[in-house]
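Trainee: Take this structure first; my questions come after.
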Amino acid sequence: ATHSDSRRTLTSNDELRPTSSRKPMSLLTIFRVSAQGMTAERLRLEAAAANLANANTTRTAEGGPYRRRDVVFEAIPLEEPSSFSTTLGQTNDRLSVPVTSVQARSVITEPQAGVRRYQPDHPDADPSGYVTLPDVDPLEETINMLSAARAFEANATAFNAAKELVRATLKLGDA
């Protein structure tokens, strides 16, 4: 009889063996991935907050209305710190699974000129009475802020869980 789950296979000899050939991720790698994720989400949160704060800004230093900003993320390979076995060259390359992290590649601004609205009393209205406002949807920006905050919180939770694992490991040496 054989029973399988996602992590191991139990054979009739009651022998446990891994079902995948993935190398476990080190705690330092977890810290690095979580920290880079928190940094990326902080930038996304700042962009959404700036968009929301400038939703009615009709005049900027560059001229014209504020232009909405958005952060573009990219996956980057993360080099793991070398371990004893890799230093000695005893690691089998086919067992290595590349670890990726995230970073903010760039902050892009919307190319659109904005939304024209009839407001003849506005100081930046043109001779026809229309003013060009930023194309910022407050509901969309609020949702972006909530999403970034939740993703930041998830990364912080993973970071703290790894920190607790390290703390518990260090306590084993005290016993």
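Each reported figure results from applying straightforward, stated rules to the coordinates on display, with no laboratory input. Fair warning: this is a prediction, and the values are worked out from it, not measured in the lab. Neighbour counts run over all protein chains shown; Cβ positions are idealised from the backbone, glycine included.
Trainee: For SER101, list long-range residues whose amide hydrogen, built 1.01 Å from N in the peptide plane, is under 5 Å from its own amide hydrogen.
Mentor: ILE76, LEU78
Trainee: Taking the Cα atoms of segment 38-82 alone, what are Rg (to one decimal) and Dmax (as a whole number) in Å?
Mentor: Over segment 38-82's Cα set, Rg and Dmax evaluate to 15.7, 53 Å.
Trainee: Stretch LEU172-ALA35 to full length: gain in nm at 0.36 nm per residue minus the Cα-Cα span?
Mentor: Answer, rounded to one decimal: 46.7 nm.
Trainee: Please compute the modelled spin-label separation between LEU165 and LEU78, points set 7 Å along Cα→Cβ, answer in nm with one decimal.
Mentor: Rounded to a tenth, the inter-label distance reads 1.1 nm.
Trainee: In whole Hz and in residue order, list the ³J(HN,Hα) couplings for segment 140-153 that follow from phi through the Karplus curve 6.51 cos²θ - 1.76 cosθ + 1.60, θ = phi - 60°; x for Gly and Pro.
Mentor: Along segment 140-153, the couplings run 4, 5, 5, 5, 4, 5, 5, 5, 5, 5, 5, 5, 4, 4 Hz.
Trainee: Obtain the nm distance between the two label points defined at LEU52 and GLU110 by a simple spin-label model: each point lies 7 Å from its Cα along the Cα-to-C-beta direction.
Mentor: 1.6
Trainee: Now for a different question. Given 0.36 nm per residue, what is the gain on full extension from VAL99 to THR60 after removing their alpha carbon distance, in nm?
Mentor: Taking 0.36 nm per residue and subtracting the Cα distance, the gain is 9.9 nm.
Trainee: Follow-up. Calculate, for SER128 and SER26, the FRET efficiency according to 1/(1 + (r/R0)^6) with r their C-beta to C-beta distance and R0 45 Å; round to the nearest 0.05.
Mentor: It comes out at approximately 0.10.
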